[in-house]
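Since the structure comes first, as structure tokens, the remarks are kept for the end.
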Amino acid sequence: QVQLVVPIAVVFSPGSVPADLPRPLPFRDTQEMEITVNLRTSVTSRYEMVFRGTTAEEEAALAAATAREADAALWPLQDTSVGSLAMYVVPETSSLVPQGIAVYVGKHRSALVRAGGGLAALHARLRQVTQLMSFTATSVAAALSDRVPDGRLGPDTRRSLKSSLGYEITFSLLNPDPKSHSVDWDIEGAVNCYVKPVLDKLSLVANFSVDSQILYYAVLGVTPRYDKESSSFLLSTHSLPHVINPVEARLGSSAASLYPVLNFLLYVPERSHSPLYIQDKDGAPVSTNAFHSPRWGGIMVYNVEAPASPQASLPLHVDVDMARVMEVFLAQLRLLFGLSREELPAEFLLESPGNEGLADWELDHLLWAHTVENIATVSTTLTSLAQLLDKIGNIVIKDDVASEVYQAVASVQSAVAKLGMGHLHSAFQASKEAVTSSERAFFDPSLLHLLYFPDDQKFAIYIPLFLPMAVPILLSLAKIVRETRQRKKEPTKMD
């Protein structure tokens, strides 16, 4: 039974304290909610709230001109531990939060909430903000998707990658027509500028490696349809799944990888199929001219402008606009990690995370989901291992395998205990150690079931070998027994 505890500080600025507070500030309050995954599994979410007034430093920070400046000033003053949240309640008449906006969510771990409507309305609003910034029933169910009955989860919940200790990211430039296009892309500079800040932030979750490649004469494998009205070629939605398999055969990156590989492909169409546009379900062109495949990666089509004169020399030199390309790829990366912004109420305003690609609370969102998923993975792995050992009575458990199992159990118990105390970061680290130990034990070469035979199989192997040798031995023994009996029957001669 897993309990997810979220420490929350609810800070009232002067003039924002509801009249119907049950007792004077400061005080503590706890709210619990049960998330049912299936008949046997449920997760309890527990919000431990501390209600208090502002300090002098926080009042000075809340006197800033804009919500963004206030968020930056409040960040050093609050509890910055992973998984904790701070809600600053401002008066209903405050100009800090823009007009028509009830909640401003910053890019760290705090939010500005406009007061109004009494304690019940404030509690409802705080619950909405807390679930947005930590975890929802949907995100927990998605993390435990292997245990959720079919039909309970929507298609989007299976889009994000499974938790792993590491990921490999491959950027590929596909140039099917190098005779016509000489394509130049500054992938190293783009990765350092756009991708590295995001991966530095995500390094808390997993290890990442990035590589790139250019593939020539690599075609999509689907012939696009020519549209006379627009004088362009179109790829419809139903043909997009058929694009991936022919391309993947050329990538060759996932064959030798221990970790999941994320593929981001930039495709420059050949001259005979230019310009090429992707259509959505309604037949309208996709604004980004890109699509993504769940748990695999994404493909972007990069059209090259036709030369002004037909006599232009070939190949045409093409400089790729890496800012436009990386904007699409980073959006797809967020989708693959389950960081898509859900439909929010109109009165919610979310601050852009900037160059880092994701806010601190979004990182926490990932850690909550991955910790729960890791605990479930270890539970499944150790259960499977126990069932295997029960089936094979004569299996030999080495000391190092046993120690890995003990380590996995101790780590997963530690992770559950740390979650119950609200220590998300240490709980996640313990869950990662538990996954590593359980996988080592489960895949240990000495536990291959093919190494151990059941008794009936042993008889089937050894009887053909020993029976021919046993027949003359048994006949000789029978002869000796007969002779011994005859000797006893014969009367002994007396002198």
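The values are calculated or read from the model by the stated rules, or taken from the named source; none is laboratory data. From a predicted model like this one, the values you see are computed outputs, not experimental measurements. Every residue, glycine among them, receives a Cβ derived from its backbone with ideal geometry; neighbour counts consider all protein chains shown. Calculation scope for accessible area: heavy atoms of the full protein, side chains included, ligands and nucleic acids excluded. Shrake-Rupley method; radii C 1.70, N 1.55, O 1.52, S 1.80 Å.
Between Thr380 and Ser236, the C-beta separation translates, for a Förster distance of 51 Å, into a calculated FRET efficiency of about 0.80. A cut-off under 14 angstrom between Cβ atoms defines the neighbours of Ser212, and their net charge, with Lys, Arg +1 and Asp, Glu -1, is -4. Excluding ligands, DNA and RNA, the accessible surface per residue across segment 17-85 is 57 Å² with a 1.4 Å probe.
With the cut-off at under 19 Å, measuring from each backbone N in segment 222-241 to a point 7 Å along the Cα-to-Cβ line of Asp280 picks out 234-241. For the chain, a crude dipole built from +1 on the beta carbon of Lys and Arg and -1 on the beta carbon of Asp and Glu, taken about the Cα centre, is about 2400 debye to the nearest 20. Each of Met469, Phe233, Leu251 was placed along the dipole of the chain (beta-carbon charges, centred on the mean Cα), and the one lying farthest toward the positive end is Met469.
What number comes out for accessible area per residue over segment 356-443 if the probe is 1.4 Å? Units Å², please.
43 Å²
The simple spin-label model puts a point 7 Å past each Cα toward its Cβ; for Ala63 and Leu39 those points are separated by 6.3 nm.
Solvent exposure of segment 166-337 amounts to 50 Å² per residue of accessible area, where only protein heavy atoms count and the probe is 1.4 Å. The peptide list 118-126, 101-109, put in order of mean Cβ contacts within 10 Å with the highest first, becomes 101-109, 118-126.
Each of Lys196, Lys281 has its accessible area taken with a 1.4 Å probe; listed largest first, they run Lys281, Lys196. Remark: accessible surface ordering of Leu475, Leu385 (largest first) is Leu475, Leu385, probe radius 1.4 Å. Using a probe radius of 1.4 angstrom, the carbon and sulfur fraction of the accessible surface of the chain is 56%. Within the chain, antiparallel bridges make up roughly 30 percent of the DSSP beta bridges whose residues both belong there.
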